[in-house]
1. Looking at the range 1-22, which of its residues are of a type outside the set (Asp, Glu) and within 14 Å of ligand 2 (Cβ to nearest atom)?
2. Quick check on the range 80-102. Is at least one of its residues in contact with a Leu (Cβ under 6 Å, 6 or more places away or on another chain), part of a strand (DSSP E or B) and either modelled with pLDDT under 95 or within 16 Å of ligand 2 (Cβ to nearest atom) (or both)?
3. Does Ser115 qualify as being open to solvent by 40 Å² or more (accessible area, probe 1.4 Å) and polar (S, T, N, Q)?
Amino acid sequence: MDCLFCKIVNGDIPSKKVLENDRVLVFHDIQPAAPVHVLIIPKKHMASMNDVMPEDLGLIADIHQAAQEAAKELGIADSGYRLINNCGRDGEQTVHHLHYHLLGGARLGALTGISSSHA
Ligand code: AMP
Ligand code: ZN
């Protein structure tokens, strides 16, 4: 399948891995938006949050567990972090393989909502 994150899962494209198990992979974002910025993805391809089926809900729990572990591993568990899923056009999703951003390492500011470039 021609999917960037499936290629990362398969090892066809290199990534800086933080942790991995048989269901999820955590790796550093190539264009970090915060001092700590990693992506948490299910190894199974699903395009977006809209494609998560009831039978996949265990994977969502796995993703949250991986986020918790990665936050500890990366030293941001106590200082805090933000876990974000961008879905679809208005969510500014650019890679169509479900992923969550884990951001931390600095005060992130309030969520801003509509950006001036699209308002
Ligand atoms: P989104 O805008 O929510 O779809 O996020 C996609 C994220 O993937 C962006 O933050 C990109 O910087 C990141 N990204 C794109 N290509 C790579 C790559 N090869 N390795 C790591 N992160 C990537
Ligand atoms: Zn994929």
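1. Our first condition is that a residue be of a type outside the set (Asp, Glu); within the range 1-22, this holds for 1, 3-11, 13-19, 21.
Passing the criteria: Met1, Cys3, Leu4, Phe5, Cys6, Lys7, Ile8, Val9, Asn10, Gly11, Ile13, Ser15.
2. Yes, the range 80-102 contains at least one residue that is in contact with a Leu (Cβ under 6 Å, 6 or more places away or on another chain), part of a strand (DSSP E or B) and either modelled with pLDDT under 95 or within 16 Å of ligand 2 (Cβ to nearest atom) (or both).
3. Details: open to solvent by 40 Å² or more (accessible area, probe 1.4 Å): yes; polar (S, T, N, Q): yes.
The answer is yes for Ser115.
The values are calculated or read from the model by the stated rules, or taken from the named source; none is laboratory data. Remember, predicted model here, so these are calculated numbers, not experimental data. All Cβ positions, even for glycine, are placed from backbone atoms using ideal geometry, and neighbour counts span all protein chains on display. Accessible surface is based on the protein model in full, side chains and every heavy atom, while ligands, DNA and RNA are left aside. Shrake-Rupley method; radii C 1.70, N 1.55, O 1.52, S 1.80 Å.
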